[in-house]
Amino acid sequence: MEAFTLTRKEMADLLLALHGQNCCEPLQVLQQAWKKSHLDAYETGSSLPAFLSTKLPPVLVKLIKGREVKGFSLQEISALGGLIEFSQMSITSMQNWVKRDFRPYFDCPKIGKKYSLNQTALLFIIDDLKSSLDFGSIRKLFDRLFNKPEDETDDLIGPLELYNSYTTMFEELAASGYRLLDMARPDSARRDKEAVMEQMLHEASEPFLKVLPHLSDEQTEALRHILFIAAISIRTSYFHSLAKRYCHATLFLNP
């Protein structure tokens, strides 16, 4: 069966809708995402068989039924992560992050026995950043963003807001036709390309920084750099996923 796939921006929209910060309901976000990737089925009148052949994890069925959701178990977060394109999330990895590598941020679930929507977004952020950075570096970035892990009120920007910001930024750059990490250039041209990339990332980050006037200049620049890193990490995740797929294909087809 075909998997139900979401872009990172669509996942951010879904979490925002669940949090009551989106103009759409969660079901509408899912409907729009599925329709966007199945335009041919809609045009040919075959949307019903196409949807019937789509695999739906239990957590998605819960959302489709319109149940109120304020938090998720690790199992559910893993299932949601599996819907994100190019994602390599696993429940084993998340258990290690929660219990060891990033324990202060997950020391206790925020919603009963489940993790909050902000904690869910934080796990997705970790999954993106790990494609470019080691865990020590990620923790240092989090120290600058979130101050006291146990207190969400002193964050420079909340995890959910951060996740939405850099995924939106990435999709806007992609829609403009700009391809991050376009290499294969001579040295001089490569330096020019890097300068253009930095300028475009700088401009793309401005709308997200302007809505945070309480930040100092130093904090604003720190957040800008983190948005850069996260947006580039999405592209890196694609390369990692592509490399693994070719590796698996080689091992399977060429024993």
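The values are calculated or read from the model by the stated rules, or taken from the named source; none is laboratory data. Computed from a prediction, not measured in an experiment: that's the story for all the values here. All Cβ positions, glycine included, derive from the backbone under ideal geometry; neighbour counts span all protein chains shown.
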- line: Reported set for the stretch 176-199 where residues are outside any loop (DSSP other than H, G, I, E, B) and either modelled with pLDDT of 80 or more or in contact with a Lys or Arg (Cβ under 6 Å, 6 or more places away or on another chain) (or both) is Lys193, Gln199
- request: Name, by its number, the condition in (1) modelled with pLDDT under 90; (2) farther than 17 Å from Ile126 by Cβ; (3) part of a loop (DSSP other than H, G, I, E, B) that does not hold for Gly20.
  value: (1)
- prompt: Of the residues Ala79, Ala50, Ala33, which is touching a His at 6+ places or on another chain (Cβ under 6 Å), over 24 Å from Gly136 (Cα atoms) and in contact (Cβ under 8 Å) with a residue 12 or more places away in the chain?
  reply: Ala50
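In the stretch 97-109, is there at least one residue being in contact with a strand residue (DSSP E or B) (Cβ under 9 Å, 6 or more places away or on another chain), farther than 13 Å from Ile226 by Cα and modelled with pLDDT under 90? Let's see the steps before the verdict.
Of all residues in the stretch 97-109, those in contact with a strand residue (DSSP E or B) (Cβ under 9 Å, 6 or more places away or on another chain) come to 98, 106, 109.
Still in the list and also farther than 13 Å from Ile226 by Cα: 98, 106, 109.
From what's left, modelled with pLDDT under 90: 109.
Yes: the stretch 97-109 contains one or more residues that are in contact with a strand residue (DSSP E or B) (Cβ under 9 Å, 6 or more places away or on another chain), farther than 13 Å from Ile226 by Cα and modelled with pLDDT under 90.
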- request: Go through the residues of the stretch 25-48 one by one and say whether even a single one is within 18 Å of the chain's Cα centre (by Cα), in a helix (DSSP H, G or I) and of a type in the set (Gly, Ala, Ser).
  value: yes
- prompt: For Glu68, which of the numbered conditions (1) in a loop (DSSP other than H, G, I, E, B); (2) among the acidic types (Asp, Glu); (3) in contact (Cβ under 8 Å) with a residue 12 or more places away in the chain fails to hold?
  reply: (3)
